[in-house]
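**Student:** Got a structure here, written out as structure tokens. Questions coming.
The values are calculated or read from the model by the stated rules, or taken from the named source; none is laboratory data. In this text the structure is predicted, and so the values were computed from the model without any measurement. Ideal geometry is used to build each Cβ from the backbone, glycine not excepted, and the neighbour counts take in all protein chains shown.
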Amino acid sequence: MIMKNLTLPIRFGIVTSAVLVAYFLILALLGKHTNVFFSLFNGVITGFGSYETIKYTKLRQGKGFSYGNGFTAGVTTGFVATLLFTIFFAFYATELDSGFLDELSTAWSKDYKNFQGIVSFTVAIMGFATTLVLTLSFMQLFKTSNNSKK
């Protein structure tokens, strides 16, 4: 039963990560992937994936939908997307474009021995934090009210 409840969020997480990777690669083609400003749109992509997951979970479950179900769906989607994107990002930065991190931050890349690990960890933490904050925000839209109607 638990796996059945997680299949939708996992699928949405995989699709969301694919969109994040596609967005990153488009930026790389345009030479804009070293501009940190463009990474702000990652939050929009992750947020949309989480929002849609919560919305579809609520539609599927109907009256059985609870705050916990929606929260779990949103967080699962965001965490799967973040994990897969972080793996891609680490692979890209170390194998596909080894000069990428030097371009990203010339000052920091020379000061730290394991700069790739630091950047990958930062990408993951940003994704997880974004997921938690946006899921909590979206659940305010989808939760059922306990207030009596007048």
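**Student:** Within region 3-24, identify whether any single residue is modelled with pLDDT under 90, outside any loop (DSSP other than H, G, I, E, B) and under 19 Å from T130 (Cα atoms), and answer yes or no.
**Tutor:** Checked region 3-24: at least one residue is modelled with pLDDT under 90, outside any loop (DSSP other than H, G, I, E, B) and under 19 Å from T130 (Cα atoms).
**Student:** Among the residues of region 47-56, are any at pLDDT 85 or above, among the β-branched types (V, I, T) and within 19 Å of the chain's Cα centre (by Cα)?
**Tutor:** Start the filter on region 47-56 by keeping residues that are at pLDDT 85 or above, which leaves 47-56.
From the residues that got through so far, the ones that are among the β-branched types (V, I, T) too are 53-54.
Narrowing the set further to residues that are within 19 Å of the chain's Cα centre (by Cα) leaves 53-54.
Looking through region 47-56, at least one residue is at pLDDT 85 or above, among the β-branched types (V, I, T) and within 19 Å of the chain's Cα centre (by Cα).
**Student:** Here is a follow-up. Restricting region 44-64 to residues that are polar (S, T, N, Q) and in contact with a Ser or Thr (Cβ under 7 Å, 6 or more places away or on another chain), which is surrounded by the fewest Cβ atoms within 10 Å (Cβ to Cβ)? Before the answer, list the steps.
**Tutor:** We begin by selecting, within region 44-64, every residue polar (S, T, N, Q); these are 46, 50, 53, 57, 61.
Now restrict to residues that are in contact with a Ser or Thr (Cβ under 7 Å, 6 or more places away or on another chain): 46, 50, 53.
Working: T46: 28, S50: 31, T53: 30.
Looking at residues that are polar (S, T, N, Q) and in contact with a Ser or Thr (Cβ under 7 Å, 6 or more places away or on another chain), I get T46.
**Student:** Checking A107 against (1) at pLDDT 70 or above; (2) exposed (fewer than 12 other Cβ atoms within 10 Å of the Cβ), which single condition isn't satisfied?
**Tutor:** Result: A107 passes all but (1).
**Student:** So which of F71, F89, F115, F65 is of a type in the set (A, V, I, L, M, F, W, C), closer than 20 Å to T7 by Cα and modelled with pLDDT under 85?
**Tutor:** Working: F71 fails: modelled with pLDDT under 85; F89 fails: closer than 20 Å to T7 by Cα; F115 fails: closer than 20 Å to T7 by Cα.
The conditions single out F65.
**Student:** Next up: The conditions are (1) under 11 Å from the mean Cα position of the chain (by Cα); (2) hydrophobic (A, V, I, L, M, F, W, C); (3) closer than 23 Å to Q140 by Cα; (4) buried (at least 18 other Cβ atoms within 10 Å of the Cβ), and F71 fails exactly one of them. Which is it?
**Tutor:** Result: F71 passes all but (1).
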